[in-house]
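Engineer: Below is the structure I would like to discuss, written out as structure tokens.
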Amino acid sequence: MSIISNENLFNITGGISISGSLINAFTSGIKTVLEVGRSFGTSIRRLITKNLCHV
């Protein structure tokens with residue numbers, strides 16, 4: 001393993017880059033979680049109020 005000089009440490013680049021596809025994937029995940037929560041809440045409300053559809 002070699003020792004890196006201070007001059008070379010300043011030239012190191014990297015890290016995270018946020019792209020449009022990453023933002024779209026994140027927002028899609030949030031929308032999915034919110035929709036699942038909304039459906040779950042609606043089903044609980046319908047069970048509590050006994051407002052069910054008889055098939």
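The rows are residues; the columns are (1) touching a helix residue (DSSP H, G or I) at 6+ places or on another chain (Cβ under 6 Å); (2) open to solvent by 100 Å² or more (accessible area, probe 1.4 Å); (3) in a helix (DSSP H, G or I); (4) among the hydrophobic types (A, V, I, L, M, F, W, C).
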| position | (1), (2), (3), (4) |
| --- | --- |
| 4 | no, no, no, yes |
| 16 | no, yes, no, yes |
| 28 | no, no, yes, no |
| 33 | no, yes, yes, yes |
| 42 | no, no, yes, no |
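Engineer: Okay, next question. Given (1) assigned to a helix (DSSP H, G or I); (2) exposed (fewer than 10 other Cβ atoms within 10 Å of the Cβ); (3) over 23 Å from the mean Cα position of the chain (by Cα), where does residue 52 come up short, assuming only one miss?
Structural biologist: With (1) assigned to a helix (DSSP H, G or I); (2) exposed (fewer than 10 other Cβ atoms within 10 Å of the Cβ); (3) over 23 Å from the mean Cα position of the chain (by Cα) applied to residue 52, the lone miss is (1).
The values are calculated or read from the model by the stated rules, or taken from the named source; none is laboratory data. Every value quoted in this text rests on a predicted model; they were computed, and no experiment measured them. Here Cβ is always computed from backbone atoms with ideal geometry, including for glycine, and neighbour counts include all displayed protein chains. These accessible areas exclude ligands, DNA and RNA; they are computed on the full protein's heavy atoms, side chains included. Shrake-Rupley method; radii C 1.70, N 1.55, O 1.52, S 1.80 Å.
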